[in-house]
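Contents: one structure, followed by commentary.
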């Protein structure tokens, strides 16, 4: 009940006024059954604007810290994320990748829509960054289709580092579902998982119009560029940082 109240009564009207969101391609979202909505990630409000324009309920994986905070803020976060049905995941332990995978598979097995951000964190500069392969493992093990979703303009409504929401046009582009059944039974193969993830990221790049950078966004955030070391534009694969603090982190799988 609270999910729909926030969507249509409390938060939804505010977001409508700020972003005037338009959506393209909602016919690509199935009316029933499980599916993964894989989106680029530009702002915290991505997790609010997307459900606003999708008729079906979307479940996101949320970091467990949102459910364990203290004080008034902690109590509100715990209540809010609980009543809207988000799923907590612990990203700090050695089994973080498997825990996130299991949580996502449970949601999909119930025939629900699962929203995830393959980049693992918000883009620090508006570009599209390398996707984590947990997305691929989840798609291959569940057998559901992956639907790429491009969020455009949300970073202008909710800029990184600012607590002030600003009016700006928001556009949501929903791509055609991607069927990875051709890789059935190949979950756990890191080369297949990388190929699947890269295919999704390519679709997101085409939908969003963003420049693609072949590096993990979390790594770039951890190692901020200096005047002598500008931000990279394209580099080889690197090890992802382990201290991402954003919602819906989906770690890389570690299968060989």
Of residues in region 104-128 being in a loop (DSSP other than H, G, I, E, B) and in contact with a strand residue (DSSP E or B) (Cβ under 8 Å, 6 or more places away or on another chain), the one nearest to residue 216 (Cα to Cα): 119
I need every pair where a residue in region 2-22 that is over 13 Å from residue 50 (Cα atoms) has its Cβ under 6 Å from the Cβ of a residue that is assigned to a helix (DSSP H, G or I) and at pLDDT 95 or above, sequence separation at least 6 or different chains. 18/157
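Every residue, every condition in (1) at pLDDT 95 or above; (2) part of a helix (DSSP H, G or I); (3) touching a helix residue (DSSP H, G or I) at 6+ places or on another chain (Cβ under 9 Å); (4) farther than 15 Å from residue 134 by Cβ, yes or no:
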{"site": "185", "(1), (2), (3), (4)": "no, no, yes, yes"}
{"site": "192", "(1), (2), (3), (4)": "yes, yes, yes, no"}
{"site": "230", "(1), (2), (3), (4)": "no, no, no, yes"}
{"site": "236", "(1), (2), (3), (4)": "no, no, no, yes"}
{"site": "240", "(1), (2), (3), (4)": "no, no, yes, no"}
{"site": "243", "(1), (2), (3), (4)": "no, no, yes, yes"}
{"site": "248", "(1), (2), (3), (4)": "no, no, yes, no"}
Is there a residue in region 198-218 that is in a helix (DSSP H, G or I) and modelled with pLDDT under 95? yes
The number of residues in region 131-165 that are touching a strand residue (DSSP E or B) at 6+ places or on another chain (Cβ under 7 Å), buried (at least 23 other Cβ atoms within 10 Å of the Cβ) and more than 28 Å from residue 17 (Cα to Cα) is 5
Looking at (1) farther than 24 Å from residue 4 by Cα; (2) in contact with a helix residue (DSSP H, G or I) (Cβ under 6 Å, 6 or more places away or on another chain); (3) in contact (Cβ under 8 Å) with a residue 40 or more places away in the chain, which one does residue 69 not meet, given that it meets all the others? (3)
Across region 17-44, the tally of residues that are more than 23 Å from residue 210 (Cα to Cα) and in contact with a helix residue (DSSP H, G or I) (Cβ under 7 Å, 6 or more places away or on another chain) stands at 1
Complete set of residues in region 51-101 that are within 18 Å of residue 118 (Cβ to Cβ) and over 16 Å from the mean Cα position of the chain (by Cα): 96, 98, 99
Taking the condition under 28 Å from residue 126 (Cβ atoms) and within 12 Å of the chain's Cα centre (by Cα), does residue 42 pass? yes
Residue by residue through region 138-164, note down the ones that are at negative phi, at pLDDT 95 or above and not in a helix (DSSP H, G or I). 144, 145, 146, 147, 148, 149, 150, 151, 152
If we ask which residues in region 57-79 are surrounded by fewer than 15 Cβ atoms within 10 Å (Cβ to Cβ) and within 24 Å of residue 172 (Cβ to Cβ), their number turns out to be 1
Could you pull out the residue among 31, 62, 97, 38 that is farther than 17 Å from residue 6 by Cβ, in contact with a strand residue (DSSP E or B) (Cβ under 8 Å, 6 or more places away or on another chain) and touching a residue at least 12 places away in the same chain (Cβ under 8 Å)? 38
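The values are calculated or read from the model by the stated rules, or taken from the named source; none is laboratory data. Since the model is a prediction, treat every value here as computed from it, not as a measurement. Here Cβ is always computed from backbone atoms with ideal geometry, including for glycine, and neighbour counts include all displayed protein chains.
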